[in-house]
Every structure is written in structure tokens, then in C-alpha cells.
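The values are calculated or read from the model by the stated rules, or taken from the named source; none is laboratory data. All values reported here derive from a predicted model rather than from experimental measurement. So basically every Cβ, Gly included, is an ideal-geometry build from the backbone, and we count neighbours across all protein chains shown. The area values use the complete protein model at the heavy-atom level, side chains included, leaving out ligands, DNA and RNA. Shrake-Rupley method; radii C 1.70, N 1.55, O 1.52, S 1.80 Å.
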Amino acid sequence: MKEESYKLFATATLEEIVQQIITELDKRNESPFWTEKVGPFTTAILSVLIPLRDNGILFDPQGDYVDVLTPELFLEWSDFVSLKMLVFTIAKSNEANELLRTKLSKDVCQKYKPIDIEKLGTYLSRYSVNLENEALDFPIANYNLHQGVSNVIKSLL
């Protein structure tokens, strides 16, 4: 990973991070197929991770506290199964007005402020993720597609 990627994820806005990734993608002259996928995917993930980062309650897919948003943490969350878990965790936390389903301390979880999950939810529903029933699975082809998108993003960071 490039040093500038760490600085970007640690402090930049959603728009700045997405723009930098798209700029790097354009420099590589990748297929338009990837360009159409990378921007919305990155935006969907960061629409939740950046508010968590900014509120000091960032956590990894295992529920452990993380003090800084890094490219590696972003890539951990880019796993489609993890993203599905994230949208349900944030939805339940929004209802409870407290961060749930993590290993963070009760005091930290009570600092939680509801996060808008519309971008992430819309993105996931576009790829057959049922947002009503967490137990329902999604097509494996969508999982595989997003592994490819994650690999492209990883190559840019």
C-alpha cells in the first residue's frame, strides 16, 4: 500500500477518497466495466466507515475497536459477507441509538450517533442482498464479482 493511501483513509472525506481511487483507476486505463463498479462500491462502504471513523467508534468485521481507518480495514469491509453484516449492524444500532454487535465497551457504544445507511443499503439491494431478512443469502456470482472489484481497488491503493 502507498503511504499516501494511509493518510487519505485516516483523514480525508468520502468524496476525496473516492476521487483519488477513480483518478488512479483512470491512470491505469482499466476497462469501463471496473470504472462503473469501483466508484459506487467505494462510496457505499465509506458512507458508513467514515462516520464511524469520525465519531471514534470504528470497528473491524470481527467487532474489535480500530483507532484509524486504513486501506486494509477498508478492504476487510469490502468482503460482501462483511458488508451485509455491517448494514444490519448499523440498522440495528440506529434503532437502538447505541452501537450494537461489537466488542467495544458500553461507554464507547453509547457515543454512537445514527448513520445514514441509504447508500450502502441501496448498493447492496442492487446486488440481491435482502435487507429485510439477514438470514437470507445472496447469489454467489455477486460475491465473486465483488471479490474482483476489491482486487482492483487493492491494486490502486
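Structure notes:
- The chain, relative contact order in percent, only Cα pairs under 8 angstrom and at least six apart counted: 26
- Residues Tyr127, Tyr143, Tyr65, sorted by accessible area with the largest first, give Tyr65, Tyr143, Tyr127 [1.4 Å probe; ligands and nucleic acids excluded].
- Cα long-axis angle, helix 80-96 against the chain (0 to 90 degrees, to the nearest 10): 40
- With protein chains left intact and a 1.4 Å probe, residues in the chain average 50 Å² of accessible area per residue.
- Model label sites at Asn130 and Leu145, defined 7 Å from Cα along the beta-carbon direction, differ in position by 1.9 nm.
- Peptides ranked, highest mean first, by Cβ atoms within 10 Å: ranges 67-80, 15-28: 67-80, 15-28
- The chain: translational diffusion in µm²/s, Stokes-Einstein, Kirkwood Rh over Cα pairs, 10 °C, 1.306 mPa s: 100
- Built amide H within the under 5 Å cut-off of Phe59, gap 5+: Val66
- Using a probe radius of 1.4 angstrom, the carbon and sulfur fraction of the accessible surface of the chain is 51%.
- Efficiency of FRET between Glu30 and Arg101 - r from beta-carbon atoms, R0 41 angstrom, step 0.05: 0.70
- Where Cα atoms sit under 16 Å apart: lysine pairs in the range 84-157 separated by 8 or more or lying on different chains: 7
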